[in-house]
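The values are calculated or read from the model by the stated rules, or taken from the named source; none is laboratory data. Small disclaimer: the values here were computed from a predicted structure and weren't measured. Cβ sites come from the backbone with ideal geometry, for glycine too, and all protein chains shown count toward neighbours.
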Amino acid sequence: MRNRQEPVFSIRIAARLVGLHVQTLRYYERNGMVKPQRSRGNVRYYSEEDITMINNIKSLIDDLGVNLAGVQVIMRMNEQMSTMKEQIKYLELQLSNTKRNTKE
């Protein structure tokens, strides 16, 4: 089973997979919407997670008519929500442990 974070796709392959031009992927990178990993020779490599992210960006733009500034806001909010979900899970675990310890 392959790691979804492993960078395996060159920029040309990534562009073909998502149906975008190579320059569009570079533009997304310049705007911080996607962060492909770089080889020692400074070649961009995209992971499956990057491809999923690019498809999400493309869907927001093409299907919902969101502009790039809106995409950036949505992505930032999604990151914040993920962080908050992790914090809630942690706090729920702490609360559960505290309840269990007080019963003993």
| remark: Note on G41: of the conditions (1) among the small types (G, A, S); (2) surrounded by 10 or more Cβ atoms within 10 Å (Cβ to Cβ); (3) outside any helix (DSSP H, G or I), unmet is (2)
| query | Where residues in segment 4-13 are under 13 Å from K35 (Cα atoms) and under 15 Å from the mean Cα position of the chain (by Cα), which of them is surrounded by the fewest Cβ atoms within 10 Å (Cβ to Cβ)? | reply | Q5
| field | Any hit, segment 46-62, residues being touching a Gly at 6+ places or on another chain (Cβ under 9 Å), outside any loop (DSSP other than H, G, I, E, B), of a type outside the set (A, V, I, L, M) and more than 13 Å from V18 (Cβ to Cβ) | value | no
| request: Those residues that are under 23 Å from A69 (Cβ atoms), among the aliphatic types (A, V, I, L, M) and at pLDDT 95 or above, I need them from segment 16-33; list them, please. | output: V18, L20, V22, L25
| request: From the list V73, V66, pick out the single residue that is at pLDDT 95 or above and outside any helix (DSSP H, G or I). | output: V66
| Residue check: is M84 over 26 Å from N3 (Cβ atoms) and either exposed (fewer than 13 other Cβ atoms within 10 Å of the Cβ) or among the acidic types (D, E) (or both)? | no
| On the given criteria, is T98 assigned to a helix (DSSP H, G or I), on the phi < 0 side of the Ramachandran plot, at pLDDT 95 or above and of a type in the set (V, I, T)? | no
